[in-house]
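Before any comments, here is the structure.
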Amino acid sequence: MHDLLVNQAGRTLQSEFGLSATDYPVLAELTRAPGDRLRVLELAKVLGWKKSRVSHQLARMAKRGLVAREECIDDGRGAYMVVTPAGRAALEAAAPQHVKDVRRLFPDHLSPGQVTLLAEITDTVIEKIDTK
């Protein structure tokens, strides 16, 4: 179900806004962070992805001007990935339609009781998952 939802919602992102289904969560997480920036490892942790996957995704996004690398002044070894103005504009353009699509594809089909039950199930599963 998750894969079907992501693929279907991703079609509109791609066709109407030029964003992939993996661009969107990266931009969303970066724009939630202070200064619109995170280190690659921090971003990987927030997304629940492996560092190599995040690195490859960021490289593709950087080529398209959605994100950029910014050196860390405090730590000469480290760098941040930041959202560019083009990346922010793309996210802001896509977000309203993406939210509509996700609602249309998923919660709009559930009754209030089903939403409550899903929340209870989700909370139980998340509590049991070891995220360390």
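Quick notes on this structure:
- Condition check for ALA86: under 25 Å from MET1 (Cβ atoms) and either modelled with pLDDT under 95 or outside any strand (DSSP E or B) (or both): no
- The listed residues are SER52, SER20, and the only one of them that is open to solvent by 60 Å² or more (accessible area, probe 1.4 Å) and either part of a loop (DSSP other than H, G, I, E, B) or farther than 24 Å from LEU5 by Cα (or both) turns out to be SER52.
- Check on ILE73, loosely packed, with under 14 Cβ neighbours inside 10 Å, more than 16 Å from PRO25 (Cα to Cα) and either within 21 Å of the chain's Cα centre (by Cα) or among the acidic types (Asp, Glu) (or both): no
- When ILE126 is tested against the conditions (1) over 20 Å from the mean Cα position of the chain (by Cα); (2) loosely packed, with under 10 Cβ neighbours inside 10 Å, the lone failure is (1).
- Those residues of the range 29-44 which are more than 23 Å from GLU92 (Cβ to Cβ) and more than 12 Å from the chain's Cα centre (by Cα), in sequence order: ARG39, VAL40, LEU41
- The listed residue being touching a residue at least 12 places away in the same chain (Cβ under 8 Å), surrounded by fewer than 17 Cβ atoms within 10 Å (Cβ to Cβ) and under 19 Å from the mean Cα position of the chain (by Cα), out of GLY65, GLY78, GLY87: GLY65
- All positions within the range 23-45 that are in a helix (DSSP H, G or I) and open to solvent by 80 Å² or more (accessible area, probe 1.4 Å): ARG32, PRO34, LEU41, GLU42, LYS45
- Verdict on ASP3 being over 15 Å from the mean Cα position of the chain (by Cα), part of a helix (DSSP H, G or I) and not polar (S, T, N, Q): no
- One residue stands out in the range 93-123 among those that are surrounded by fewer than 12 Cβ atoms within 10 Å (Cβ to Cβ) and acidic (Asp, Glu): the one that is farthest from the chain's Cα centre (by Cα), namely GLU120.
The values are calculated or read from the model by the stated rules, or taken from the named source; none is laboratory data. Keep in mind that this is a model prediction, so the values were computed, not measured. Methodologically, a virtual Cβ is constructed for each residue, glycine included, from the backbone with ideal geometry; neighbour enumeration extends over all protein chains shown. To get the accessible areas, we keep the full protein, side chains included, count just its heavy atoms, and leave off ligands, DNA and RNA. Shrake-Rupley method; radii C 1.70, N 1.55, O 1.52, S 1.80 Å.
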